[in-house]
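The values are calculated or read from the model by the stated rules, or taken from the named source; none is laboratory data. On a predicted model such as this, the values are computed, not experimentally measured, just so you know. Positions of Cβ are backbone-derived with ideal geometry, glycine not excepted, and every protein chain shown enters the neighbour counts. These area figures cover heavy atoms from the full protein model, side chains too; ligands, DNA and RNA do not enter into them. Shrake-Rupley method; radii C 1.70, N 1.55, O 1.52, S 1.80 Å.
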Amino acid sequence: MAGLRLGRRLCSTGQMRFFNTYSRQLEEFESRDSSSRDVDMYTCGPTVYSRAHIGNFRAYIFEDLLQRHLEARGLKVHRVMNITDVDDKTIRGAREAKVPLIKFTEQFKQAFFEDSDLLRIKRANEYPSATDQRYIDRMISMIATLISKGLAYQADDKSVYFRIHNFPDYGKLAHIDLTQLQATGRVKHDEYDKEHIGDFALWKAWDDEDGAVKWDSPWGPGRPGWHIECSAMSTALLGDQIDIHCGGVDNIFPHHEAEIAQSEGVTGKKFVRMWMHCAHLLVDGQKMSKSLGNFYTVPDVVAKGYTGRELRYALLRVHYRTQLNFTWEGMDEARESLGRIDDWLRRLREVAGGRDAARSARRADPTTQFEDALDDDLNISAALGFLFETIRKTNRAIDQGELNASQADSWLEWWRHVDSVLALEARETHIPAEITAVANEREQARLAKDWKKSDELRDRLVALGWEVRDSKEGQKITKRAGA
């Protein structure tokens, strides 16, 4: 085919470049151990005081894309995602619901996994919970080490705080001036009587509002601060140094800044080699807010008639460092784009004549431009642009009779590699008897040239979520794009 030549797929990671939040620069990424090609990756997971919203899942899908691309490039990713199941919000929610903390958070843990599966997000290797006693013990041990090094202190309120002025690199991730720090938002909840307004809580002394939520410690009963939880869980499972740490931009300060101070304060080693952060999601150009009526969870989107596959595409298609504006028109565009992919694959399989199912042992990828685009800081816009240009050119070749079975089979093999990263292909669905009956009735109407009845039956199938395509071989029934 003109303009689309067969080529050798690259497996080297030497050309991958990602934007490191710490340096504010694009940096070449390579695994620490070139012989094992292992990559340790830590991603901040949900705080399970309510159901995660689509803004949260925008970040989780970015992290999923990153992991899938690294693996497609031949790396072995060990990913840990924490679950924050004890903090001010979870305790308050359990108290208001008048149920134990573990019962309150469990419902939202399960909802998170259900929504993640619907969006085809790969499971992490581990999902540590902050309330697990082994991690509580590690938090206490780390805090004791920080106190012994003069990096932490117990205040008059019996809580323990990190002394930021004794850690010279504090503020370098967020590029902030420590003299401008003010108590706002979640930081305020982690602050009591302390030496400096920026000092954050490592251990929060128990009070009446905590109820039964407390653990014994050398500093009295209490619970861990939000930040120390991630330092303890990440180093426990991945070691003192991590290749990649991800999260949303709202995690940069104070959370990730605090993680660096705590972890490096304990180990004396550089905590993370590559920090990557995802920009905010907007809804109709505004910040998502329950008061504005534009706060959506995954089930909210599904209730509008869309599918997990369509939502995955909508959240995936914009570069992770660019704000994504979620609209219902965008969801319709996602459905249309997936329909183009579905139709293209159907046509290729018809040309390949069933060879796709056999999966030839050879590996002949027509091009590496898709992978090359993602090597450039996960440039998903360029990667998808190339995919749809490929669809346009191969469809034209099919129309002109210039694509043979072997070439179609090669493109299907290429697609399997691409979809191992995108995870967008429609899954085979059983056609219900009711749909088959309507389709057969329509086919009889067409044979009788009753075009009015044929169109009415087509509309009925569409209303039921199925599409009809007429071809020389007869009508073909497929689940609507996004299924």
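Annotation: peptides 298-308, 60-70, ranked by per-residue average of other Cβ atoms within 10 Å with the highest first, follow the order 60-70, 298-308.
How much length is gained if the chain between Lys103 and Asp132 is pulled fully straight, taking 0.36 nm per residue apart and subtracting their Cα-Cα distance, in nm to one decimal? Walk me through the intermediate numbers first.
Details: separation 29, 0.36 × 29 = 10.44 nm, distance 1.43 nm.
Net length gain for the segment: 9.0 nm.
The phi-based Karplus calculation (6.51 cos²θ - 1.76 cosθ + 1.60; θ = phi - 60°) puts the 3J(HN,Hα) values of segment 157-168 at 7, 6, 7, 10, 10, 7, 8, 5, 6, 8, 10, x Hz, whole numbers, x for Gly and Pro.
Tell me the mean residue ellipticity at 222 nm calculated for the chain from its helices only (DSSP H runs of n ≥ 4, each -39500 (n - 2.57), averaged over every residue, nearest 500).
-13500 deg cm²/dmol
Between the beta carbons of Glu336 and Ala448, assuming R0 = 45 Å, the FRET efficiency works out to 0.85 to the nearest 0.05.
Extending 7 Å from Cα along the Cβ direction at Thr145 and again at Asp216 yields two label points whose distance is 2.4 nm.
Computed over protein heavy atoms with a 1.4 Å probe, the carbon and sulfur contribution to the accessible area of the chain reaches 47%.
Surface exposure of segment 439-479, expressed per residue as accessible area with a 1.4 Å probe, stands at 68 Å².
The residues packed around Asp177, meaning those with a beta-carbon under 15 Å from its beta-carbon, carry a net charge of -1 if Lys and Arg are +1 and Asp and Glu are -1. In this simple spin-label model, placing a label point 7 Å from the Cα along the Cα-to-Cβ direction at both Lys122 and Asp33 gives a separation of 1.8 nm. Modelled label positions at Lys270 and Ser406, each set 7 Å beyond Cα in the direction of Cβ, lie 4.9 nm from each other. Residues of segment 320-344 with amide nitrogen under 17 Å from the 7 Å Cα-to-Cβ point of Asp300? The answer is 324-332.
Each Lys or Arg adds one and each Asp or Glu takes one away; over the other residues whose Cβ falls under 11 Å from the Cβ of Asp375, this sums to -3.
Let me check I've understood the local charge: for Glu264, count other residues with C-beta under 13 angstrom from its C-beta, Lys and Arg +1, Asp and Glu -1. What total comes out?
Numbers: positive: Lys149, Lys172, Lys269, Lys270, Arg273; negative: Asp169, Asp240, Glu257, Glu259.
Local charge sum for Glu264: +1.
Positive end of the dipole of segment 65-105 (Cβ unit charges, origin at the Cα centre): among Val80, Leu65, Ala94, the Cα lying farthest that way belongs to Leu65.
Ignoring lysines fewer than eight residues from Lys270 along the same chain, the ones with Cα atoms less than 29 angstrom from its Cα are Lys76, Lys122, Lys149, Lys172, Lys188, Lys194, Lys204. Does anyone have the angle between helix 328-352 and the longest principal axis of the chain? Alpha-carbon axes, 0 to 90°, nearest 10? It works out to around 50 degrees. Between the Cα long axis of helix 88-97 and the first principal axis of the chain there is an angle of about 80°, rounded to the nearest 10. Taking the C-alpha atoms only, the angle from helix 101-118 to the longest principal axis of the chain is near 30 degrees. Placing unit charges on the Cβ atoms of the charged side chains and taking the dipole of segment 148-302 about its Cα centre, the candidate lying farthest along the positive direction among Ala236, Gly285, Gly220 is Ala236.
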